[in-house]
Structures are given as structure tokens and as C-alpha cells.
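Rule-based calculations on the coordinates, nothing more; no lab input. Since the structure is predicted, the reported quantities are computational estimates derived from the model, not experimental observations. Note that we place each Cβ from the backbone using ideal geometry, even for glycine, and neighbour counts take in every protein chain shown.
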Amino acid sequence: MPRLLIFCDAFQPPAYLPRLRYLCSYLTERGWQLTVVTETVKHEPNCPPVSARFIAIPYYRTTSRFNKIDWVIKIALNMLFDYKGRLFYRRATRLLKGESFDAVFCTTFSTFPLPTAERFAEKHALPLMVDLRDIVEQAPVSIPFQHRPPRFLGKQIVSSYYRLHIRRRNRTLRKAACITTVSPWHVELIRQINPNTHLIYNGYDPAVFYPGKVISPVFEIVYTGRIYSEDFRDPTLLFEALSLLLHRGEVTPEQIVLSWYVDEQSQKRLARLAADRHVKAMMQYHAFVHPKEIPDILRRSSIILVLTSESNACKTHGILTTKFFEAIGVNKPVLCIPNDGSHLARLIREVNVGIAAENAEQVADFILHQLQCRQQQGYTSAALNQSAAAQFSRLTQGNIFEDFLKQMIDHTSQSL
């Protein structure tokens, strides 16, 4: 029975980590013994269980009136000498004393807990596999770091933190036996640091995200997630297209509902944009819902909206949102706006799951076509290229992850 030690960033909602959750379930079913070391966060009730042993280590204060000061101090300490990584290494080492493992696996969207995993693997002569769910180079500095160091520290401090983050991350990546990441652009960049880097897209759990011929009483365009800024996730083309359709009398406000499952700040941004384009009557706002409710929301939708940005215009690269893959799982038409001119648009064409639109007329035509499909059969669906879509099933991806882990462990055993 292989014994795998997993280091990861916060596991509970709102982080949730569906990629790791499925991998834990997959490996456990195949006889792996898993121990997950993660950061303590506020408990979310009804969180789906995962078959693994968990060690949650607290870091930030959550019940003190001085928690903001605590946060600022720890940000400063992290910049000076990776305080968080060292703290987690000491506590993990103490809690795991006397236990043995065959390998270390670390998954993150940032830097933490890469240094912790690197130290533990090196100390115990274990192979290290790293899974990068995001990298900071995929977006301008202002996006991944806008909520990290306090704003009063200034742009220079943020830029310094950005460079420090990359340097610390790359130190671990050079020592990893194997690296996986989520898009071709990420692979191309990370292979310059470690040639043994491989692509495993984000995906969907086929036991959760599966097609269903749900007859909905309304034509519903659905979006779930956050909208940090219009530069990064821009719904303008959708509003322009609906304005065109309304002006030409091809639809009425009662025919189409735009359902937004977003946070309060995103609602304010959307309300302003919708008022500017005179489509306010079509908007419906909902709070974030529990992850277990998402599949049914997507199945009843008529169109699933994916918001992105043009790679060249916003200088974003290789960003492939999980909601795109979940739309493939439920076999629903995807409206991606604007066309990113990169990997996402290419995948949409290959899988034949919808459209990456370049202008409002394309969006309007797509909506009219899906309206007609719903009128004919009561629901909408995508004419998927099934062979192309199969690579995004987490079951397929679980096999690939397990193969990499076994190869890494076997290679280490033969070297001893």
C-alpha cells in the first residue's frame, strides 16, 4: 500500500480544491494511504468528506480583535524569511514524527506550502511531486497580489513580493522529481525551470457533473464565480448582444434570465454595466451557493457563461477556468467572452462545446440559436466531440496522476 504525504493550501470552502479532492478519493479507492497536511480555515458545514487522514495547522488569528495586526506582521515576516513555510515545516515534522512515507505531493495555486514540502522531502530522502494549479506569471502583478500585502505598502513592495514569490517557488520546482500544471502555456514556462513538467488540465468529476435533460421554465444564462475587474473578466459583449436583440425586437426581457451566482462586489459591478446597456430587467443575482448545488444549477441552464479576457490586451496567459470543464461534463453550450485568442478558444473549438465570441453579433447569433434549440426540445445541449472531451474527466486524469506518482516512487527505489 503506497503511503503518500500531501501538502496543500487551504482545503475547506471557499477554497474547496476539487482537483485535489477528486485525486484523494481516486487514490484511496486504489489502495493508497493518504495523509494531508493543510491550513486550518473556518469550518464549512456539509462539506463533502474525503477519505484521507487530515492534519490542519492554524496560522492566522480568527477570534482576536488584533487579527488584522497579526496578518500584517506575518506578511512582513514571510517577506523576510518565509515564516509561514518554516512554521508549517516544524509543526508538520513534530506531528508526523516516527511515520514513514513513499513520496511527497504538493499542490498549490501560489508558493505556500512548496517550501514546506521541499524541506520535508529533502530531510527524509523522499521524491517530491508538485502540482501547480495557477502561476503568478499568468496575469499582471496587480491581479494575483491585489489582496495580499496591504495597499499602503505600495506598488514597489508588491512587485518585490512578486519577485520573491517566484524565486522561492522556482527553488522548489528545480528540486521536484515531477511537476504537473493546468495549461499548455504553464507547461511551456515551467519546463524552462524543470524539464520534467507535464500537462494535466483541470476537469470535471463524471460522478457529479453529468448530462441531464432538465426542462427549465425559462431560458437561463448562468455564471458562477467572481468578477474581480472588467479587465480580467468582462461581460460587456453579452450585454451589448442582448441590447441588440432587444432593440431589433428579436427577444423580450421576459424570455431570457441572466443568473449571477456571485459575491456582493461583483453584483455591484454587474448592476452598473447592465444599467449602461439597458438590460437590467434580465438580471437576477444570487449569493454564492454550496459546491454541491452547482451541478444542478448548470444542468438546468440554457447557456453557461465563461468570462475571460483577451490574452494580449490584459496580458493574461493560460487561464482555463474550472467552470469551462464542468460545462463539458454537464454537456451544456458555453458562451466564452471575449475570445481569449489562445488556448481556451482552441479547446472550445476542439471539443465543440460552444463559442468563443469576438463581437456582439456573434454572441447574439449564438443566443438566438440556443433559444431555437430550447423551443424545439425543451432544453439545450452541446454537440460534444466525445473523444476530445474525455481528456477532461477527472477519472482519466486520476489515472495519469497515479502513473506519475508510481513512476517517481519506482525510480527512487531503484536509485537506492
Checklist line | Test item: Cα-centred dipole of region 219-391, Lys/Arg +1 and Asp/Glu -1 on Cβ, debye | finding: 280 debye
Margin query: Taking Rg/Rh (Cα atoms, Kirkwood Rh) straight from the coordinates, which label in (i) 1.05; (ii) 0.98; (iii) 1.14 is the correct one?
Written below: (ii)
Check: Between S160, S51, S183, which gets the highest mean-square fluctuation from a Gaussian network model of the chain, Cα cutoff 10 Å?
Finding: S160
Note to self: Show me the ranking of peptides 351-359, 238-246, 24-32 by mean Cβ neighbours inside 10 Å, starting with the highest.
What the structure shows: 238-246, 351-359, 24-32
Notebook entry, point to check: 222 nm [θ] for the chain, helices only, -39500 (n - 2.57) per DSSP H run of 4+, per residue, to 500?
Noted result: -13000 deg cm²/dmol
Checklist line | Tilt relative to the chain, helix 18-29 - C-alpha long axis, 0 to 90 degrees, to 10 | finding: 60 degrees
Notebook entry, point to check: Given charges of +1 on the Cβ of Lys and Arg and -1 on the Cβ of Asp and Glu, with all other atoms neutral, how large is the dipole of the chain about its Cα centre, in debye to the nearest 20?
Noted result: 1760 debye
Next item on the list: Please list, or write none, the aspartates and glutamates whose alpha carbon is within less than 16 Å of the alpha carbon of K332, excluding same-chain residues fewer than 8 places away.
Entry: D205, E220, D296, E350
Item checked: Amide N proximity, region 109-132 versus I193 label position 7 Å along Cα-to-Cβ, cut-off under 16 Å -> 109-119, 128-132
Checklist line | Distance in nm between pseudo-label sites at T236 and E99 (7 Å out along the Cβ direction from Cα) | finding: 5.1 nm
Checklist line | Amide H contacts of D263 (H built 1.01 Å from N, under 5 Å, at least 5 apart or other chain) | finding: I227
Next item on the list: Compute the signed sum of charges (Lys and Arg +1, Asp and Glu -1) over the other residues within less than 11 Å, Cβ to Cβ, of L298.
Entry: 0
